[in-house]
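The values are calculated or read from the model by the stated rules, or taken from the named source; none is laboratory data. Remember, it's a predicted structure, so these values are computed and weren't measured experimentally. FYI the Cβ positions are ideal-geometry reconstructions off the backbone, even for glycines, and counts take in every protein chain you see. Accessible surface areas use protein heavy atoms only, side chains included; no ligands, DNA or RNA. Shrake-Rupley method; radii C 1.70, N 1.55, O 1.52, S 1.80 Å.
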Amino acid sequence: MDQPAAVLIEARDIEKRYPNGVLGLKRASLSVKAGEVVVIVGPSGSGKSTLLRTFNGLEAITGGEIVVDGHVLHQRSADLRALRQRVGMVFQQFNLFPHLTVLENLCLAPVKVLKLSAAQADERARVLLAKVGLLNKWDCYPAQLSGGQQQRVAIARALAMQPAVILFDEPTSALDPEMVGEVLEVMKQLAVDGMTMCVVTHEMGFARAVADRVIFMDGGEILCEDVPEAFFGAPRHERLQSFLRQVL
Amino acid sequence: MSPSLSRWLWHAVAAALLVTIGSGLYLASKRIDYTWRWERIPQYLISTEGDDQKAPFDGFVAVSEDGRALSMTALRGAETAEFTGFSRIVAGNGDLVFEGDVIAKTDAISAGPLLVGLWLTLKISALSLVFALLLGLIVGLGRVSKNPAARDLAAFYVEVIRGTPLLVQIFIVYFFIGTVLQLSAFAAGVVALAVFTAAYVAEIVRAGIEAVPKGQTEAAQSVGLSGFQTMRYVILPQATRRILPPLAGQSINLIKDSSLVSVMALTDLTKAGREVVSSTFSPFEVWFVVALMYLLLTGVLSVAVRRLERRYAVQG
Ligand SMILES: Nc1ncnc2c1ncn2[C@@H]1O[C@H](COP(=O)(O)OP(=O)(O)OP(=O)(O)O)[C@@H](O)[C@H]1O
Ligand SMILES: [Mg+2]
């Protein structure tokens, strides 16, 4: 790229202490530039979800500073609604709205939040459904879809808000193995299209192929980060080495 | 034996047991020297008692040739009067009648005291239900609110209302609040029933909302919906399906609880029953009929709700 890309997420020494005293994050720092795909890996309970959820204010941090797309999240006055219009999220359990059809799932926020007309939202939704290969399912309810299809709808729902960045929290962990591929395929295409993405995943193949940077977390800390080749090829950190031995 | 046949057999057993119990009660009632007078009941449901045409002064009655008109001439003085539009003539041609005597009757079918009471019960229940649903929704939302003050107030309300008997609440509303605010007995009844039922509705609403997975709220907020929009478009529609069945039960309770308003000067179905008993001396028949009329109301309601439930149960 000719000019340096804008920084979308800037987290400095952030800490998250849960009300029950558990320290989910300690002094984690990370910055994500526009267009980057950052993959976060680490053992269970290492704070990956917690980190991701601080980026859209689902978890309020208890220390440090975090600025996302110009919104200063560590200040009390942070406008979380405005922020969340710019930050999409895809969940492990899909969390589609079960009482709404696929199309309604995609149109709800654009109509209610962005104040698009029903026709505009409808058109945008259909374009996105075509993109994730599910245009023919527009009238189905989530329960009538397979897990992989539901997750693709969930990705389209996040895209419908035209966010600056999308956060993925283990998007394929709840899927049957034969459906993992179709979801990863959609995510790969998003990366190719230049979408900024933060992805928590156990799919090391995806990390290797798509990530610009891979981040390793353990015990609430970011222990190391590197480009995929170095991360997987020549892991420097000892705990990362033992983690990779287990998962690869 | 086929499963369906054995099922019918068990239904038959249940029916036989009910018939046995019923005839047992009937035989028992024979032994206590009670004369059943069912024939007295219908007139208290539907009254054919119409208006009486009374003589306005002392005088003589004259019936017209076709029997459709009556005229009277006064005993003293020159007053005369004409009457038409009645159904039956009671006085005879040339009779001397005195002021206030019935000279003709107009047949008219009108609701008897029991039906009038049923109507009041229906009105007070329906009105209370509307207010109870509104108030219960507000209090229920207060129970799950992020604001501690709202949570405290809602919890306080629910505890106070559920911890005191409805009858006592009715007395308080009627004698205290009703006097201060000059409420009619009907308004006091509606207020008491609505306030009481709302506490239970609030708990039902709270449970329904809490049963919706947390991921739904997170997903709704992640696409930028406000707290209100999340409630309105995502949580409440899903909670409704869970809320409906217990809400139906609570509405049925409301209809039954409404019988307590008869302690105020309100002639609801129960009060009407009491009045009819005191004029017929047939308590058994009257109370059976009253019970049946309550059953009718609650039965219609539960059928209606089951319809609604089926409509909401379409999606998983
Ligand atoms: N709501 C919560 N309240 C209290 N503690 C929590 C909460 N959520 C997470 N934690 C704790 O914070 C730590 C980090 O959890 P987190 O869910 O971020 O880990 P993770 O890396 O996403 O794990 P996994 O791979 O299992 O999803 C864990 O010790 C967890 O028990
Ligand atoms: Mg997690």
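Key figures
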item	result
Which numbered condition residue B:51 fails, given (1) surrounded by 10 or more Cβ atoms within 10 Å (Cβ to Cβ); (2) of a type in the set (Asp, Glu); (3) at pLDDT 85 or above	(3)
Every residue from region A:90-106 that is more than 16 Å from ligand 2 (Cβ to nearest atom), within 15 Å of residue A:159 (Cα to Cα) and open to solvent by less than 20 Å² (accessible area, probe 1.4 Å)	A:96, A:102, A:103, A:105, A:106
Region B:234-259, residues that are open to solvent by 20 Å² or more (accessible area, probe 1.4 Å), free of Cβ contacts under 8 Å to residues at least 40 places away in the same chain and touching a His at 6+ places or on another chain (Cβ under 9 Å)	B:237
Residue match in region A:113-128 (condition: away from every other protein chain (no Cβ under 14 Å), at pLDDT below 95 and either on the phi < 0 side of the Ramachandran plot or buried (at least 22 other Cβ atoms within 10 Å of the Cβ) (or both))	no
Residue satisfying condition, being under 22 Å from the mean Cα position of the chain (by Cα) and either under 17 Å from residue B:128 (Cα atoms) or not in a helix (DSSP H, G or I) (or both), within set B:202, B:188	B:188
Pairs, first open to solvent by 40 Å² or more (accessible area, probe 1.4 Å) in region A:21-32, second within 16 Å of ligand 2 (Cβ to nearest atom) and not in a strand (DSSP E or B), C-beta under 6 Å, six or more apart	A:23/A:220; A:26/A:220
Residue in region A:161-182 that is in contact with a strand residue (DSSP E or B) (Cβ under 7 Å, 6 or more places away or on another chain), open to solvent by less than 40 Å² (accessible area, probe 1.4 Å) and polar (S, T, N, Q) present	no
Pair list, Cβ under 6 Å, 6 or more apart: region A:42-53 residue in a loop (DSSP other than H, G, I, E, B), other residue of a type outside the set (A, V, I, L, M) and near ligand 2 (Cβ under 9 Å from one of its atoms)	A:42/A:48
Tally, over region A:60-83, of residues that are within 17 Å of the chain's Cα centre (by Cα) and open to solvent by less than 30 Å² (accessible area, probe 1.4 Å)	3
Unique residue being under 43 Å from the mean Cα position of the chain (by Cα), more than 26 Å from residue B:113 (Cβ to Cβ) and free of Cβ contacts under 8 Å to residues at least 40 places away in the same chain when the list is B:74, B:62, B:69	B:69
Residue count for region A:55-89, restricted to those that are within 13 Å of ligand 2 (Cβ to nearest atom) and not in a loop (DSSP other than H, G, I, E, B)	1
Yes/no for residue A:206 being within 16 Å of ligand 1 (Cβ to nearest atom) and out of contact with any Phe, Trp or Tyr (no Cβ under 7 Å at 6 or more places or on another chain)	yes
